[in-house]
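These notes concern the structure reproduced below.
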Amino acid sequence: MTETTTSKPGSTEVWITGIGLATSLGEGLDSNWNALNERRINVDEKTFAPFIVHPFAPVNLDAQIPKKGDQRQMEAWQRIGTYAAGLALDSAGLKGNKEVLGRMDMIVAAGGGERDLAVDSNILTAEAKGNSAPGFLNERLMSDLRPTLFLAQLSNLLAGNIAIVHGVTGSSRTFMGEEVAGADAMRIALARIASGQSDIALIGGSQNGERKDLLVLYEFGDFNLKDKFAPVWARKQHPGFALGSAGAFLVIESKAHALARGAKPFARLTTVVADLARRKQPGETTATLEKLWSKLGKLEGNGAIITGATGAEPATSEERAFLGEHPDYPVRATGTMFGHTMEAQFPLGIGLAALSLSRGALFPPNDSAGVEIEMRKPPTQIVVVGVGHWRGEGMALVEAVR
């Protein structure tokens, strides 16, 4: 195992003051919260059959991306993320505040972007005919693709579009690395504010799960959930994840900075830790999760767990073994309701944890396997867990602000 990396809490208390959610269940906090409490799931078993996806709920893009030209030059994953980032800024009361936006850190977790399937198909068709001249591939790529789409869109284009559309022009970082990229984005943002290097940050990620190229990519590893939907904990006999389309962004800031501008917190982000188990032997992921758990800090009061468990094996069984060692903590798996959103899964979990704490309740279980139980008391602490389908583990402690 690699050495665990931790955002060690400093003397600075860090608050979550903005949450932006645009998912398969809807846009905004109320629509997502209501859907969770009604146990609604938006799943598509037909469009990409045999693969299952959680499609993006329709939104009015003009509400957060007012210029049609900006919308046209983005692919879906960028529009989803830019939209969710705008919702987070609205939630934090910062939309249009040039003074704060001009010095706000931005840390984005992003994948490699989308391919142009029409170009790919034309090139493969020409290659298959066997009469391609030398240099054909480079010539076609340079002439057929837009400048922003060489092979696949650059991962940092999402941050660039957020800067252009919303005016977030402080420091910018983009992390790649699937699920753990979301954990590291949160870890670095918290560490910067807790140590006094920064006052405020926008963090999150997005994914368009309705992509044929992405489904093919993950099918090569046999990771896709196929044929029929089942909750995450009920997939052991037919393992896999159902990709979800979602954007999840958060505004976090120091308590002093929030108080100075009159902002109210949803919750406190206390600790974020991450690690990378080798996963060569059974039990290594479980052991790493226990190690991360021990580094969260003081766990007391009414606790719960929100996990981005994927449904892929053996990672999900090893995570379930870890959860079995903490039976007093009610568990909720976001993958059942939202699908698996890769880089956005960890920020999504933290957003839902903060929302639950602010509303004084954990949303109800949506599970047929008996892993998830009701929680009668208002939660005071929620641990967010992220276990990558292939690599990487992360954990965060989110607490109520009394």
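Read the figures in this text as sums done on the coordinates, not as results from a lab. It should be emphasised that the depicted structure is a prediction, and the values quoted were computed from it without experimental measurement. Cβ coordinates were reconstructed from backbone atoms using ideal geometry, including for glycine residues, and neighbour counts include every protein chain displayed.
Ranking of Tyr83, Tyr218, Tyr329 by neighbouring Cβ atoms within 10 Å, starting from the fewest: Tyr329, Tyr218, Tyr83. For Lys129, a cut-off of 18 angstrom between C-alpha atoms picks up these aspartates and glutamates, skipping any fewer than 8 places away in its own chain: Asp120, Glu139. When both bridge partners sit in the chain, DSSP labels roughly 65% of those beta bridges antiparallel. Assign one of three labels to the range 251-303, namely rounded, prolate or oblate, based on the Cα gyration tensor with a ≥ b ≥ c the square roots of its eigenvalues; rounded applies when a/c is under 1.5, prolate when it is not and a/b is larger than b/c, and oblate otherwise. It is prolate, given that a/c is not under 1.5 and a/b is the larger ratio.
Comparing Ala49, Ala267, Ala159 in a Gaussian network model of the chain, where Cα atoms under 10 Å apart are tied by springs, the biggest mean-square fluctuation is seen for Ala49. The stretch between Asp30 and Ile164, if pulled fully straight at 0.36 nm per residue, gains 45.5 nm over its current Cα-Cα span. More than 14 Å apart: what percent of Cα pairs in the range 37-96 qualify? Distances greater than 14 Å cover 66 percent of the Cα pairs.
Computed extension length for Ala287-Glu178: 37.1 nm, one decimal, from 0.36 nm per residue of separation with the Cα-Cα distance subtracted. For Ala256 and Lys98, the difference between the fully extended length at 0.36 nm per residue and the C-alpha to C-alpha distance is 55.0 nm.
Please arrange Ser31, Ser11 by counting, for each residue, the other beta carbons lying within 10 Å of its beta carbon, fewest first. Could you put the intermediate results ahead of the total?
Details: Ser31 15, Ser11 7.
Ascending number of Cβ neighbours within 10 Å: Ser11, Ser31.
Checking the Cα-Cα distances for Lys67/Lys255; Lys46/Lys377; Lys95/Lys295; Lys255/Lys298; Lys67/Lys212; Lys255/Lys295 against a 30 Å cut-off, the pairs over it are Lys67/Lys255; Lys46/Lys377; Lys95/Lys295. The calculated pair-distance distribution of the range 11-120 uses every alpha carbon pair, bins of 10 angstrom beginning at 0, and gives 11, 34, 37, 15, 3, 0 percent. Counting only Cα atoms, the chain measures 70, 53, 41 Å along its principal axes, largest extent leading. Taken over the range 245-402, the ratio of Cα radius of gyration to 2.2 N^0.38 Å equals 1.02. Simple spin-label estimate for Ser294 and Ser317 gives 2.6 nm between the two label positions (7 Å along the Cα-to-Cβ direction from each Cα). Cα extents for the range 166-229 along the principal axes, largest to smallest and rounded to whole angstrom: 49, 24, 20.
For the residues Met142, Met176, what sequence is obtained by ranking on other C-beta atoms within 10 Å, fewest first?
Ranking Met142, Met176 by Cβ neighbours within 10 Å, fewest first, gives Met142, Met176.
In terms of its alpha-carbon gyration tensor, the range 143-288 comes out oblate; a/c meets the 1.5 threshold, while b/c is at least as large as a/b.
Under the simplified labelling scheme, the Lys228-Leu137 pair shows an inter-label distance of 4.2 nm, with each label point 7 Å from Cα along Cα→Cβ.
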